[in-house]
């Protein structure tokens, strides 16, 4: 996949897309899976290291480096990378995760998780070519994890390859038909392709399962605005603001209302 500039998919998609993209742990695997084979003490040390990496990344980085130098192995190396992600040093984190995956003797699903997280970090670093490469490598190892298909779909969406993104999201939904994130992201891709009825069908599906999903309400507001129903768009965006004020999705809803009001006044 040729590298392209980040498209309007991110600009106009749910603003939580990147905010929650980087998981703390061997994404997308659970902590229990990634600590398999460790002693109780080692697992606790790994858990504590990851927590510190997230909450106080500078301290977490120093602690992880010290642990690595004392023989902490792959968990310590991974904790170093997580600290770098939390510090916003995405390229360095991705490079370390790539090296860790290459050297790893862990089980295939754990290696796939390392590659997936490396891909996420490359995406945050705006290197979509390397992000796609790592997500594809992860899928070559594990094909039955819906989250891996979603992760690559995000890269494709950011590259403006919406049909390819939908293909990956369809694969995720074949594995897990009620996967909420896949439905929301597919709705966004449909909207970018101007297939508004299909987008609304996916959003209605999400809201039938989770009526208070702020991402889905934000996206439905976008669709109402496109349809020219400003009152419904405002109602959805106000619900998002009232229920998640201070979050990226609420900030985006406020911005959309302001833009809508400016355009309405000028019409």
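Taken together, the values in this text are just the output of simple stated rules run on the coordinates, not laboratory data. The shown structure was predicted, so the numbers you read here are calculated from the model rather than taken from an experiment. Ideal geometry is used to build each Cβ from the backbone, glycine not excepted, and the neighbour counts take in all protein chains shown.
Full extension of the chain between residue 143 and residue 195 yields a length gain of 15.9 nm, computed as 0.36 nm times the residue separation minus the alpha carbon distance. How big is the Cα convex hull of the chain in projection, averaged over all directions, in nm²? Averaged projected hull area, Cα only: 14.8 nm². Remark: 185, 162 ranked as 162, 185, counting other beta-carbon atoms within 10 Å and listing the fewest first.
Can you tell me the FRET efficiency between residue 262 and residue 204 if r is taken as the Cβ-Cβ distance and R0 is 41 Å, rounded to the nearest 0.05? Kindly include the intermediate steps, with their values, before the conclusion.
Working: r = 29 Å, r/R0 = 0.71.
Calculated value: 0.90.
Entry note, the chain: relative contact order of 16 percent, from Cα contacts under 8 Å with a spacing of 6+ residues.
Below 8 Å, C-alpha to C-alpha, sequence gap of six or more: please give me the relative contact order for the stretch 203-267 in percent.
Working: 55 pairs, mean separation 15.6, N = 65.
Normalised by residue count, the contact order of the stretch 203-267 is 24 percent.
In the chain, helical runs assigned H by DSSP with n ≥ 4 each contribute -39500 (n - 2.57); averaged across all residues and rounded to the nearest 500, the mean residue ellipticity at 222 nm is -24000 deg cm²/dmol.
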